[in-house]
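A quick write-up on the structure given underneath.
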Amino acid sequence: MYGSAYIDPNTQFEGYLAPGEDPALLAEFEARIAAGDKIEPRDWMPALYRKQLIRMIEQHAHSEIIGALPEGTWITRAPGFRRKLALMAKVQDEVGHAQLLYNAAETLGKSREDMINDLLTGKSKYSNVFNYPAMTWADSAVIAWLIDAAAIVNQLANSKGSYGPYSRALDRICAEESFHLKYGHDNVVFLATGTPKQRQMVQEALTRWWEPIMHFFGPPDNVSQHTEVLMRWKVKMDTNDNMRQMFLNMYVPKIWDLGLSLPDPDLRKNEETGKWEYTEPNWETFKQVINGHGPCNAERLAVRRMAEEKGRWVRRAILKENTPYAIPLS
Ligand code: FAQ
């Protein structure tokens, strides 16, 4: 494990500094960020940078393992062997992304075990979108196209960010997500150009997922708590509202081109400002969902708890703890 371990959760930061931190070191750190340097695990960094990075990367990692679940439920029911293989590969990739991200977060001093515990106890968040059910095959297609697309908008920007291990993990993740997006787009086009029943299925799925996707980029900029410090230190490379705009600009025309509609009568591009106008999604619903009260939060965490429980003997055996399965490593 690298770096100093935990930041006391009760630390009272004064501006950007923790008690006892040297303002000269902060100035040097900020000059490196301004020059476009990557910060590496053994470099000096303010405790607040470490704390924010752990929070964000850990939430991202949790989103990938929980994110495997809604689509994962369709592996056994995928229409046809070719689609089953592709979906299995995609879900496996998402779990691999979690692995890369947990590794990146571990370089900041928090152990994998503590991160998983914080997920299972509800202390750590994960993306709102994975607390909704994938009711039909079309839902899995919409997730693979549009949630992967939304994730790419965010991750491509943040892959240019300041923390070396996170930025390198995002480079690799974006490359794989771009295949997911093509796979999802292909599935949506197939349904949208299929029978009336198939068109209806994909339209209904899109209608169900629109609000969660609008929430995906986080609360509006005037409400976001962390954007200022994250952008100051180039962890987040753009604001929540700008990322949402980028997504709308790239994908709404593609959705409309397929003859599909979106459940927002006010959605339109203002040609004068170049900005998309839309009805604000319900931010109270968002708060409920990210704080444990969405339609599937309990179910998602129950699956993770079961996975933890069932995998315990493997972890113990690898650590050569006293189990009948202990693997001799040397
Ligand atoms: N869901 O101050 P801000 C994927 C929380 S990967 C849940 O604006 P920030 C791949 C936020 O944590 C998807 N909570 O926060 C895939 C904070 O609460 P806290 C994940 C959210 O950090 C595809 C509070 O609200 N991507 O999908 C959400 O500046 C298909 C205030 O918000 C990442 O994690 C939300 N949507 O901006 C897998 C990317 N939004 O911590 C499978 C990295 C906000 O104080 C299938 N993360 N909150 O208790 C980020 O870019 C940022 O963290 C944001 C939020 C943009 C998500």
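The values are calculated or read from the model by the stated rules, or taken from the named source; none is laboratory data. A quick note: this is a predicted structure, and the numbers were derived from the prediction, not measured. Only protein heavy atoms, including side chains, enter the accessible area calculation; ligands, DNA and RNA are left aside. Shrake-Rupley method; radii C 1.70, N 1.55, O 1.52, S 1.80 Å.
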Beyond 21 Å, what share of the Cα-Cα pairs of the stretch 154-310 is found? Please give it as a whole percent. 60 percent
Please state, to two decimals, what the Cα-based radius of gyration of the stretch 16-117 comes to when divided by 2.2 N^0.38 Å (N = residues). 1.48
Alpha carbon convex hull of the chain, volume per residue in cubic angstrom: 164 Å³
If amide H atoms are built 1.01 Å from N in the plane of the peptide, which residues on other chains or at least 5 residues away come under 5 Å of the amide H of Ile39? Tyr163, Gly164
Cubic angstrom per residue, convex hull over Cα atoms of the stretch 102-152: 104 Å³
What relative contact order, as a whole-number percentage, does the chain give when Cα pairs under 8 Å and 6 or more residues apart are counted? 18 percent
Residue-wise HN-Hα coupling along the stretch 263-271, computed from phi with Karplus coefficients 6.51, -1.76, 1.60 (Hz; x: Gly, Pro): x, 9, x, 8, 6, 7, 8, 7, 5
Per residue value of the accessible surface for the chain (all protein chains in place, 1.4 Å probe), Å²: 50 Å²
At a 1.4 Å probe, what is the % contribution of carbon and sulfur to the accessible area of the chain? 57 percent
Amide H to amide H under 5 Å from Lys275: which residues, 5+ apart in sequence or cross-chain, H placed 1.01 Å off N in plane? Asn270
